[in-house]
Amino acid sequence: MTLENRALFIIFGGTGDLARRKLYPSLFRLFRKGQINKHFAVIGTARREWSDTFFREVVSESIQSLSPTQRELEEFTSHFYYQSHNVNNTEEYVVLEKIAAELDRAYELKGNRLFYLAMAPQFFGVISSHIKSENIMTEHGFSRLVIEKPFGTDYKSAKKLNNEISAVFSEEQIFRIDHYLGKEMIQNISAIRFGNTIFESLWNHKYIDNIQITLAESIGVEERGGYYDQSGALKDMVQNHILQVVALLAMEPPTIFSDEAIRSEKITALQAVRVYSPDEVKDAFVRGQYGTGDKLQQHFKGYREEEGVDTLSNTETFVAGKFLIDNFRWTGVPFYVRTGKRMTEKGTRINIVFKESPINIFRGSETPIQEANSIPQNVLTIFIQPTEGFSLTLNGKEIGDGFNIDPVRLDYRHSAEASENSPEAYEKLILDALKGDATNFTHWDEVASSWKVVDAIRQTWDKEIPNFPNYTAGTMGPECSFDLLEKDGKQWVWQPDEWYR
Ligand code: BG6
């Protein structure tokens, strides 16, 4: 039986892209499943002058792809209310509190409130302080703050932002979204690690040679050129999503699967990620920017020709690098990461590359034998998206005479149906926030450590002008990304475009 949750959602930025693309469809899915039903209401706020009726039309529009019935549409959207709101105007928070109190009574919400800031971070402080000064938090029921990235643009600004919201909300009330943590296969990392003795016992520097994390996107910057040009791939993807994946792979087993225990282990892991000196940055990290490219009869513009982007921009659209974790478990194991726009294909995957067998006993005997000098390394691959599943390469004997080693791949994929029906990342995260489960949200200490690691890279890069563009749209990134591993005697396991090199 699903337990119905009661809450008032106050969405700041209710007319925005995120609300329409992610939040309303996710709320609708929860509504359909009965996880929210009679006892919920939504107040959307934004500057525009909209009526409740118009707002409901917009919400209807945003859930069309989920094919709601007329009845579902009417019922669902009847819970939505709109307030035109200037975040700097105290009077308007007074009105907001009145509407909130009325809805609380009408829908019997028991004082539960979820403040969702789907807006630019410069407004987080002013909104939080008004929520406090105008008493919009209730004394009965819960009050929680859900916020979106980017959480600051460096450690200093993130700390300032955190001080502002922490003056109003305690850490337990703050839910910082990293939508990767809502993805099915990211959550599966813990199951694979801690549910399988065969992996957890090998999960350390004695048996793992290197770990590779790729977050490749085939899209360019689309209509977000203005934002992206100020951010770049390092801040857009590495500071948050990639370092979160690193933390999940590197953390010690928590004693129990609770939000507190998991986050505490992730914090410890992130604090052990080495903050590089400028020379170490130059050795361990490379960046790229895409130029024009043609693939499968499609022509792609170069980054500098994209809308909203400076024509001389030196913003990176690609990053590859090596993180080192200075602790007992991971000493000497490189965590190679890469992410970029306009790469060969969309694919998020993790490759755990195990060490070679200590000795190749099949080499040099009299019978026809393994031709290559070494036995292929075992690789555990976790496919995050678009395909979901995992695979493990093992070595066996090739059928027939002689004794050739034949690597085989054990492959498991979630069925298309299971993937289709699995809840979307935002749906899971909203539900978690309603339940007060912070496991899949980032703690301030995680954010702080990630920024310190990333700031060191950014500051070194900012002292030199890169030679951009340096990779062709539609490829797996610049040469220097391949060289980065080659100089360690390794290579990227996933190379969908070998033809290009
Ligand atoms: C966002 C970034 O956080 O993640 C985007 O700002 C990026 O630039 C997106 O496209 C990728 O998310 P996903 O879920 O499509 O892998």
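The values are calculated or read from the model by the stated rules, or taken from the named source; none is laboratory data. In this text, all values refer to a predicted model and were calculated from it rather than measured experimentally. FYI the Cβ positions are ideal-geometry reconstructions off the backbone, even for glycines, and counts take in every protein chain you see.
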Q: Scan the range 398-417 and give yes if some residue there is part of a loop (DSSP other than H, G, I, E, B), within 25 Å of F482 (Cα to Cα) and in contact with a strand residue (DSSP E or B) (Cβ under 6 Å, 6 or more places away or on another chain), otherwise no.
A: no
Q) Does the range 290-306 contain any residue that is within 16 Å of the ligand (Cβ to nearest atom) and aliphatic (A, V, I, L, M)? A) no
Q | Single residue of S231, S277, S201, S264 found to be more than 30 Å from T315 (Cα to Cα) and either exposed (fewer than 14 other Cβ atoms within 10 Å of the Cβ) or within 12 Å of the ligand (Cβ to nearest atom) (or both) | A | S201
(Q) Going residue by residue through the range 64-84, is there one that turns out to be among the β-branched types (V, I, T) and in contact with a strand residue (DSSP E or B) (Cβ under 9 Å, 6 or more places away or on another chain)? (A) no
Q. Considering I165, I211, I186, I192, which residue is touching a helix residue (DSSP H, G or I) at 6+ places or on another chain (Cβ under 8 Å), within 16 Å of the ligand (Cβ to nearest atom) and of a type outside the set (S, T, Y)?
A. I186
Q: With respect to L73, determine if the residue is buried (at least 22 other Cβ atoms within 10 Å of the Cβ), assigned by the TED database to the domain that holds Y116, out of contact with any Lys or Arg (no Cβ under 7 Å at 6 or more places or on another chain) and not basic (K, R).
A: no
Q. What are the pairs, 6+ residues apart or on separate chains, where a residue within the range 214-236 that is more than 15 Å from Y290 (Cβ to Cβ) has its Cβ under 8 Å from a residue that is near the ligand (Cβ under 10 Å from one of its atoms) and of a type in the set (S, T, N, Q)?
A. T214/T339; T214/T348; L215/T339; L215/T348
Q.
If F257 meets every condition in (1) more than 14 Å from the chain's Cα centre (by Cα); (2) farther than 16 Å from T439 by Cβ; (3) surrounded by fewer than 21 Cβ atoms within 10 Å (Cβ to Cβ) apart from one, which number is that one?
A. (2)
Q: With respect to S481, determine if the residue is touching a Lys or Arg at 6+ places or on another chain (Cβ under 8 Å), assigned by the TED database to the domain that holds S190 and small (G, A, S).
A: yes
Q) Restricting attention to the range 239-250, and to residues there that are among the β-branched types (V, I, T) and more than 11 Å from the ligand (Cβ to nearest atom), which single residue is nearest to F441 (Cα to Cα)? A) V245
Q: Could you tell me which numbered condition K149 fails, if it satisfies all but one of (1) among the charged types (D, E, K, R); (2) assigned to a helix (DSSP H, G or I); (3) within 14 Å of W444 (Cβ to Cβ)?
A: (2)
Q | Count of residues meeting criterion [within 20 Å of Q122 (Cβ to Cβ) and either among the hydrophobic types (A, V, I, L, M, F, W, C) or part of a loop (DSSP other than H, G, I, E, B) (or both)] in the range 84-95 | A | 5
